[in-house]
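One structure below.
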Amino acid sequence: MKLNNFLASAAMVLGLATAAVADDKTKVGFVYVGPVGDGGWTYEHNKGRLAVEEEFGDKVETVFVENVAEGPDAERVMTQMALEGADLIFTTSFGYMDPTINVAKKFPNVKFEHATGYKRAANVSTYSARFYEGRAVQGHIAGKMTKSNIVGYIGSFPIPEVIRGINSTYIHAKKVNPDVQFKIVWVYTWFDPAKEADAAKVLIEQGADVVLQHTDSTAPQAAAQEAGNVITFGQASDMGEYAPMPRVSSIIDNWAPYYIARTKAVMDGTWESVDTWDGISTGMVEIGEISDAVPADVKAEALAMVEAIGSGAYNPFTGPLKKQDGSDWLGEGETADDGTLAGMNFYVEGIEGDIPQ
Amino acid sequence: MIRLEKRPQSSHTWSMATPLVAVLATMIFGGALFGILGTNPLTAIRTIFFEPLFGEFAFYYRPQLLVKGAPLVLIAIGLSLGFRAGIWNIGAEGQYIIGALVGAGIALAFYPLDAWFVFPLMIIGGAAGGMAWAMIPALLKVRFGTNEILVSLMLVYVAEQFLASMALGLMKNPEGFGFPGSRNLQEYESAHNAELITGTGMHLGVVFALIAVIFAYVLLNRHMLGFQIRLTGDAPRAARFAGVKPARLILFCLGASGALAGLAGLFEVSGPAGQVNIDFNVGYGFTAIIVAFLGRLHPVGILLAGGLMALTYIGGEIAQGQLGLPSAAIQVFQGMLLFFLLALDLLTNYRFRLTRGEVA
């Protein structure tokens, strides 16, 4: 009886407390596919969340749930956030696409932002970053620095996002080093340090002295450090703790400005469904500091490329380019349109192997 | 000095009580863990156990308990039959995947045909797929004496590769812009495992789970086969003298558990999940092992244990969202439950005795 009373009063206090804060604050929810401590993808999204808190202070309340499986679990977590009064929900993995659309239908007054997908609705925006712009810079550095002429690439899932990155890297490595060869390993996970480490070791054993990754942990960096004389690039996050070797540069996803702008739009009542795909020019994609392990001339060329992409003077997918099967893709001076890039499901000419089917 | 003494007979009282004591111990030690993380333990426990059932949004969470609990119960019931007889199917996760793939494959083959027979065919296919996958370790064990624990477990990884290949190739949505994943079966009416009554979470998988509980209960208590299963588990030698054919029992137990796991996969892929995708499986097949033991391998116990497990999942998510608890802490909390259960099981067969210290 006493325990019951106690629980009841505890429940009341909690109920009042949540009711009190729910009123005038803008509540923003984040659904993460990995743990916030992954040091990569989810870590950067969470930094964006913290930036929102810092920007708006008391006017905003953020909540997040990490390690959410793609599918029915994601749908439940989103519903839970919407029920508890979230005004804006960021769903930060491709696999949350259909769940986001489903939940958005049930909560027309809640705004949703889905990362890296292609389905939109009146209250669902999509956003992604042109990571391939950063890949071009990495490809240049990789092509210049490899001695074995073998570049290893850890792919997560063979989806357009990842294939775009491989193509962009390859095009720019090949441009400065015609002998370069890519070895690609698919691990079918975004975050699994053990698998990523295994993949890195396999690639290194096969002679790769550059290992790129489209996965979120720092396990490949650790494997490269152990092997020595292998360079890597930070993925999604700077991974600066592995600089200057093996991490010689990185692609940093900077979601903070976007998250702040979208939260502001909800506060001001100006939020609209949009499709955002930003790159180096707006700072959504940043190139982490190029370390001293990279020769000065290569570093200068890389920085010039960053500059050119940022200003719009250079598009990483500029013809002439052919597809893997030898057919023409882009003519001289022609650049790829966003539609083709968004659904990219082919390798460019010169990459060996098939995209898994 | 405290000594452990073997009971002449295992204690029936303790066998019933340990799950409850284990839940209590988990609450206490889990609460302490949450306290160390800076959350009020009472609030955390209340959020996990009470919020989904009686909280403000219980109208949404209660149906979700069915959605989350049904596959666990369905799989665990099947596993418990084998576990009782000492036949260890650890690969339900793989059978779950194959059941889903066969079922979804049938749906996609008929797409967009609108016909009443599509869904029943999928159900048969799902069960057959799961059963066929479980027959591999069963036949290997019967024929060559291989270890079914290893074979069934390894086949999970084979099934996962198969799943990835299907999601990226054969079953890929032709209108999906090159992205992996099949068509969404929720949008294909003939194949959609919809809620029977909207808003209740009650889909056909939940009904099947309840039927499975009743069937297992009758089988174990009223049927010769059930008697043989229990006898083989309790006294293998006596079972042989009583004329139990081990091979038949192995085929039955693995086959039945595979079929049920396959059904769970089918209902999931055609209902809550909606599509075949690379990471379609989220570990129900493994969690069901915990559920089976938590429920004392008893059909009714499993039903309750499935509900409890679903509760900690959903409550755990709420606790993350509301209280900012890390997901790892929730996983530790769930792990504690099994740990305490197994540790306290000791009391079923042993008792503590206080004795005077003897001089050596």
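Quick check, is B:THR39 in a helix (DSSP H, G or I), β-branched (Val, Ile, Thr) and either more than 28 Å from B:LEU347 (Cα to Cα) or more than 14 Å from every other protein chain (Cβ to nearest Cβ) (or both)?
Numbers: in a helix (DSSP H, G or I): no; β-branched (Val, Ile, Thr): yes; either more than 28 Å from B:LEU347 (Cα to Cα) or more than 14 Å from every other protein chain (Cβ to nearest Cβ) (or both): yes.
Here the answer is no, as B:THR39 does not meet what is asked.
All but one of (1) within 14 Å of B:LEU74 (Cβ to Cβ); (2) under 12 Å from the mean Cα position of the chain (by Cα); (3) away from chain A (no Cβ under 14 Å) hold for B:LEU294; state the number of the condition that does not hold.
Of (1) within 14 Å of B:LEU74 (Cβ to Cβ); (2) under 12 Å from the mean Cα position of the chain (by Cα); (3) away from chain A (no Cβ under 14 Å), only one is false for B:LEU294: (1).
Taking the stated definitions as given, is B:THR18 surrounded by 12 or more Cβ atoms within 10 Å (Cβ to Cβ) and polar (S, T, N, Q)? Spell out the reasoning first.
Values: surrounded by 12 or more Cβ atoms within 10 Å (Cβ to Cβ): yes; polar (S, T, N, Q): yes.
For B:THR18, the condition - surrounded by 12 or more Cβ atoms within 10 Å (Cβ to Cβ) and polar (S, T, N, Q) - is met.
Filter the range A:197-210 for residues that are under 18 Å from A:ASP38 (Cβ atoms) and either surrounded by fewer than 23 Cβ atoms within 10 Å (Cβ to Cβ) or in contact with a helix residue (DSSP H, G or I) (Cβ under 7 Å, 6 or more places away or on another chain) (or both) and give the result. Even if it seems obvious, please write down each step before you answer.
So the first thing to find is which residues in the range A:197-210 are under 18 Å from A:ASP38 (Cβ atoms), and the list is A:197-200.
Residues satisfying the conditions are A:ALA197, A:ASP198, A:ALA200.
Please go through (1) closer than 20 Å to A:SER168 by Cα; (2) surrounded by fewer than 19 Cβ atoms within 10 Å (Cβ to Cβ); (3) in contact with a strand residue (DSSP E or B) (Cβ under 7 Å, 6 or more places away or on another chain) for A:ASP253 and return the number of the only condition it doesn't satisfy.
Against the list (1) closer than 20 Å to A:SER168 by Cα; (2) surrounded by fewer than 19 Cβ atoms within 10 Å (Cβ to Cβ); (3) in contact with a strand residue (DSSP E or B) (Cβ under 7 Å, 6 or more places away or on another chain), A:ASP253 comes up short only on (2).
Restricting to the range B:236-284, what's the tally of residues that are assigned to a helix (DSSP H, G or I), of a type outside the set (S, T, N, Q) and more than 14 Å from every other protein chain (Cβ to nearest Cβ)?
Here is the first cut: in the range B:236-284, the residues assigned to a helix (DSSP H, G or I) are B:236-241, B:246-270, B:284.
Applying the additional criterion that residues be of a type outside the set (S, T, N, Q) yields B:236-241, B:246-256, B:258-269, B:284.
Among the residues that remain, those that are also more than 14 Å from every other protein chain (Cβ to nearest Cβ) are: B:236-241, B:246-256, B:258-263, B:266.
Final tally of qualifying residues: 24.
Only one of A:VAL31, A:VAL68 is more than 19 Å from A:TRP255 (Cα to Cα) and either crowded, with 24+ Cβ neighbours inside 10 Å or modelled with pLDDT of 95 or more (or both). Can you tell me which? If you could, list the steps in order and put the result at the bottom.
Numbers: A:VAL31 fails: more than 19 Å from A:TRP255 (Cα to Cα).
Answer to the check: A:VAL68.
Which of the following residues is free of Cβ contacts under 8 Å to residues at least 24 places away in the same chain and under 30 Å from A:GLN206 (Cα atoms): A:GLU307, A:GLU289, A:GLU301, A:GLU241?
Step by step, each of A:GLU307, A:GLU289, A:GLU301, A:GLU241 is checked, and only A:GLU241 is free of Cβ contacts under 8 Å to residues at least 24 places away in the same chain and under 30 Å from A:GLN206 (Cα atoms).
Would you check which residues across the range B:42-93 are within 13 Å of chain A (Cβ to nearest Cβ), of a type in the set (Phe, Trp, Tyr) and part of a helix (DSSP H, G or I) and list them?
B:PHE49, B:PHE54, B:PHE59, B:TYR60, B:TYR61
What about B:LEU338, is it away from chain A (no Cβ under 14 Å), within 17 Å of the chain's Cα centre (by Cα) and surrounded by fewer than 21 Cβ atoms within 10 Å (Cβ to Cβ)? Steps first, please.
Numbers: away from chain A (no Cβ under 14 Å): yes; within 17 Å of the chain's Cα centre (by Cα): yes; surrounded by fewer than 21 Cβ atoms within 10 Å (Cβ to Cβ): yes.
Here the answer is yes, as B:LEU338 does meet what is asked.
Check every one of the helices (runs of 4 or more DSSP H) wholly within the range A:20-108 and list those with 1 or more residues that are more than 11 Å from chain B (Cβ to nearest Cβ). Give the derivation first.
Details: elements: A:41-56, A:72-83, A:97-106.
Once the helices (runs of 4 or more DSSP H) in the range A:20-108 are filtered for at least 1 residues that are more than 11 Å from chain B (Cβ to nearest Cβ), what remains is A:41-56, A:97-106.
Residues that are crowded, with 21+ Cβ neighbours inside 10 Å, of a type outside the set (A, V, I, L, M), over 20 Å from A:VAL266 (Cβ atoms) and not assigned by TED's automatic domain parsing to the domain that holds A:PHE157: does the range A:112-119 have at least one? Steps first, answer last, please.
First pass over the range A:112-119, keeping only residues crowded, with 21+ Cβ neighbours inside 10 Å: A:112-117.
Still in the running and of a type outside the set (A, V, I, L, M): A:112-114, A:116-117.
Applying the additional criterion that residues be over 20 Å from A:VAL266 (Cβ atoms) yields A:116.
When the remaining residues are screened for being not assigned by TED's automatic domain parsing to the domain that holds A:PHE157, the result is A:116.
Yes, the conditions are met somewhere in the range A:112-119.
Tell me yes or no: at least one residue of the range A:264-285 is among the polar types (S, T, N, Q), within 14 Å of another protein chain (Cβ to nearest Cβ) and surrounded by 15 or more Cβ atoms within 10 Å (Cβ to Cβ).
So in the range A:264-285, the residues among the polar types (S, T, N, Q) come out as A:270, A:273, A:276, A:281-282.
Subsequent filtering for residues that are within 14 Å of another protein chain (Cβ to nearest Cβ) retains none.
No, the conditions are met nowhere in the range A:264-285.
The values are calculated or read from the model by the stated rules, or taken from the named source; none is laboratory data. Small disclaimer: the values here were computed from a predicted structure and weren't measured. All Cβ positions, even for glycine, are placed from backbone atoms using ideal geometry, and neighbour counts span all protein chains on display.
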